[in-house]
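What follows is one structure encoded as structure tokens, with my remarks underneath.
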Amino acid sequence: MPLDRQWIAEHIPHQGQMHLLDAVEQWDENTITCRATSHRCETLPLRAHGRLGAACGIEYAAQSMAVHNALSCLKTGESDTARLGYLISVREVALHVSRLDDIACDLKIKAEKLADKGSVLYHFTVMAANCVLLEGRVALLLGVNGLAAEPFLQAPLTTLE
């Protein structure tokens with residue numbers, strides 16, 4: 001079974017132009033490596049003022065973690081929506097470049113699960129041609145009493161308080 005763009009779209013909530021990942025290159029119980037080319041897309045909704053800032057790499061990392069969660073659920077026989085996740089914290093982010101849209105190479109996104117007790121802690125690295133572009137840590141809250149993300153994803157941001 002190829003873990004390509006289509007497979008990813010069937011297993012994470014990010015759809016349309018906000019679906020950023022092209023493929024899973026490798027994964028195991030604690031790590032995942034994904035590939036993306038969407039950073040070069042001129043119509044990417046994350047762009048502002050004609051550019052894609054490096055901090056947007058956090059979204060690439062978060063989607064890689066969503067894919068890792070879906071793969072982990074499939075391996076254990078759970079529904080991939082059983083452990084729906086919410087990003088609750090981003091820490092120790094180091095941006096080594098100012099933007100991503102001028103990177104000619106594909107992005108390689110690596111995430112390593114550091115802890116899984118109540119919330120899940122990952123360390124992530126976004127790279128291109130073996131050069132680290134940004135890195136940091138993300139905490140996710142998974143399986144929030146069966147809450148579905150759909151109402152939150154469709155609601156206007158002004159109503160989320």
Hey, can you tell me all the residues within the range 70-99 that are in contact with a Lys or Arg (Cβ under 6 Å, 6 or more places away or on another chain), modelled with pLDDT of 90 or more and surrounded by 15 or more Cβ atoms within 10 Å (Cβ to Cβ)?
99
Residue, modelled with the highest pLDDT, within the range 115-138, restricted to residues that are over 25 Å from residue 37 (Cα atoms) and of a type in the set (A, V, I, L, M)
121
Inspect the range 63-82 for any residue being of a type outside the set (Asp, Glu), within 20 Å of residue 134 (Cα to Cα) and in a loop (DSSP other than H, G, I, E, B) and give the result as yes or no.
no
Condition test on residue 65, is it in contact with a Phe, Trp or Tyr (Cβ under 6 Å, 6 or more places away or on another chain), surrounded by 14 or more Cβ atoms within 10 Å (Cβ to Cβ) and not charged (D, E, K, R)?
yes
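Looking only at residues that are of a type in the set (Val, Ile, Thr) and over 15 Å from the mean Cα position of the chain (by Cα) in the range 94-140, which one is farthest from residue 67 (Cα to Cα)?
Here the answer is 97.
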Do we find that residue 55 is out of contact with any Lys or Arg (no Cβ under 9 Å at 6 or more places or on another chain), buried (at least 16 other Cβ atoms within 10 Å of the Cβ) and among the small types (Gly, Ala, Ser) in this structure?
yes
Name the residues in the range 97-121 that are assigned to a strand (DSSP E or B) and under 30 Å from residue 42 (Cα atoms), would you?
99, 107, 108, 109, 110, 111, 112
Within the range 28-48, is there a residue that is in contact with a His (Cβ under 6 Å, 6 or more places away or on another chain), surrounded by 16 or more Cβ atoms within 10 Å (Cβ to Cβ) and not in a loop (DSSP other than H, G, I, E, B)?
yes
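The values are calculated or read from the model by the stated rules, or taken from the named source; none is laboratory data. Note that the structure is a prediction, hence the values are computed from the model and not measured. Reconstructed Cβ throughout: ideal geometry from the backbone, glycine too, with neighbour counts over all protein chains shown.
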